[in-house]
Structure formats: structure tokens, C-alpha cells
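The values are calculated or read from the model by the stated rules, or taken from the named source; none is laboratory data. Note that this is a predicted model, so its numbers are computed, not measured. Counting neighbours? That spans all protein chains shown, and the Cβs are built from the backbone with ideal geometry, glycine included. Remember, those area values only see protein heavy atoms, side chains included, never the ligands or the DNA or RNA. Shrake-Rupley method; radii C 1.70, N 1.55, O 1.52, S 1.80 Å.
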Amino acid sequence: MDILQTIASRRSIRAFKPDQINDDVLTQVLEAAQAAPSAGNRQSREIIIVKDEAVRIALAEAAFNQLFIQEAPVDLVFCANPLKSQQRYGERGRDLYCILDTAASVQNVLLAAHALGLGSCWVGAFNEEAVREAVGLPKDVRPITLIPLGYPAKQPEPTAGLSLAEFVHAECYGQPWRKKI
Ligand SMILES: Cc1cc2nc3c(=O)[nH]c(=O)nc-3n(C[C@H](O)[C@H](O)[C@H](O)COP(=O)(O)O)c2cc1C
């Protein structure tokens, strides 16, 4: 799929067929995560692959019963590794760059999954401690995003976004949303 078409046609998928994802396809998705930009190339992110049903159920519960998380045959738990980034960038690395490294890989995975015919959804609403417990995360790694992955059972309607004029600004100053200082 052409990259611009992939970007434009991706939607959050919240209903999955029971079909399994074969390992070659899953590897392609994970390689897309690895190819994402990373501050100073510290690669301050980790991904846990979850296929076990009991763990998928625990993740869905941790995410306030978003049941499509247990329905998907695979869940990916994206984590930030703040120490990796902090070693080079101090506080900014710990509090920001590791989150951005993780988010960049999340977006790559959503797009790669879509290009490969899979559905996925960025899930950020969850109890961090419950996710930690479900997958046995070490203390120094922070769960940032869950991505359920599977073949879509439903195709959602296009999402209404903002027009470019509503969030792109040619200049910071002199625009209606920000007074000149
Ligand atoms: C940081 C973040 C957190 C999100 N958390 C959730 C979530 O917990 N559950 C969910 O169903 N969708 C979640 N979403 C997906 C958004 O609801 C979705 O991207 C948005 O409605 C636009 O729809 P689209 O992805 O189909 O374009 C999240 C998206 C982002 C970027």
C-alpha cells in the first residue's frame, strides 16, 4: 500500500476475528516498531508480546474492561525505558524522550499493521499498576500503550478530524489563538 494511502485510511479497530497472526507477519510489524526514530538512538522502548488468553483478559481488565483487548489474538504492551534515555539526556530523557521514542514506535506499528491487512488500536486508558502486574514488568520500565492486533471483524466509518486551518498555524504570533507579547 502506498504510504500516504496507508496513513489516510488507517482507523482504530475495536473488533477482531479469532484468526491467528502468523509469526512472519508479526515480525514485520515489530520491525516497523524498531525502525521508528529514537532520541539519540537510545531506543528507550520495550515491547512485550502477549498471546496467552489469561494475560489478555488481565490486560482488558487493567484497561477498564475494553474487551476488544482480550478479543484480539495478540496484544503488544509498549513500554518506555526511562533509564536508557536518562543516561544521556537527564531529566528530559527520563520524562519526555523515552515516551516519544515509544510513541513513535506505536505509530509505526499502527501503520504497518494496517498496511499488512491487520487492525489495531492505540489504547492509553489503563491502570499502569494492573498492566505491570499482568505482564510482570520490572520497576524501571513504564507501560505507555497497549496495542491489540488482529484481523478486523468490522470496518469503522471514517473519523471526523479537524480541518488543517484549525490546528496548523503559519506563524505563532499574530494568530487569533495567541496574542502577541
Ligand atoms: C494517546 C491515545 C490514547 C488512546 N486511548 C484509547 C483507548 O484507551 N481506547 C480506545 O478505544 N481508543 C483509544 N485511542 C484511539 C482514539 O480514540 C482514536 O485514535 C481516535 O478516536 C481517532 O480515531 P481513528 O484512530 O480511527 O482515526 C487512543 C489514542 C491515543 C492517541
- Calculated [θ] (222 nm, deg cm²/dmol) that DSSP helices of n ≥ 4 give over the chain, each run adding -39,500 (n - 2.57): -11500 deg cm²/dmol
- Query: At a 1.4 Å probe radius, carbon and sulfur cover how many percent of the accessible area of the range 1-94?
  - Reply: 49 percent
- Go ahead and set up a Gaussian network model of the chain, Cα springs under 10 Å, then flag whichever of Ala33, Ala130, Ala80 fluctuates most. Ala130
- Query: If you stretched the chain out fully between Ala15 and Gln28, how much longer would it get, using 0.36 nm times the residue separation minus the C-alpha to C-alpha distance?
  - Reply: 2.5 nm
- Task: With springs only between Cα atoms under 10 Å apart, run a GNM on the chain and tell me which of Pro138, Pro148, Pro18 wobbles the most.
- Result: Pro138
- In whole Å, how far is the Cα centre of the range 4-57 from that of the range 65-101? 13 Å
- Message: Rolling a 1.4 Å sphere over the protein heavy atoms, what is the accessible area per residue of the chain, to the nearest Å²?
- Response: 58 Å²
- Candidates per chymotrypsin sites (Phe, Trp or Tyr not before Pro) in the range 28-92, loop by DSSP, up to 13 other Cβ within 10 Å: Phe64
- Using θ = phi - 60° and the Karplus relation 6.51 cos²θ - 1.76 cosθ + 1.60, list the HN-Hα couplings for the range 20-28 in order, rounded to whole Hz, with x at every Gly or Pro. 6, 9, 6, 4, 5, 5, 4, 4, 4
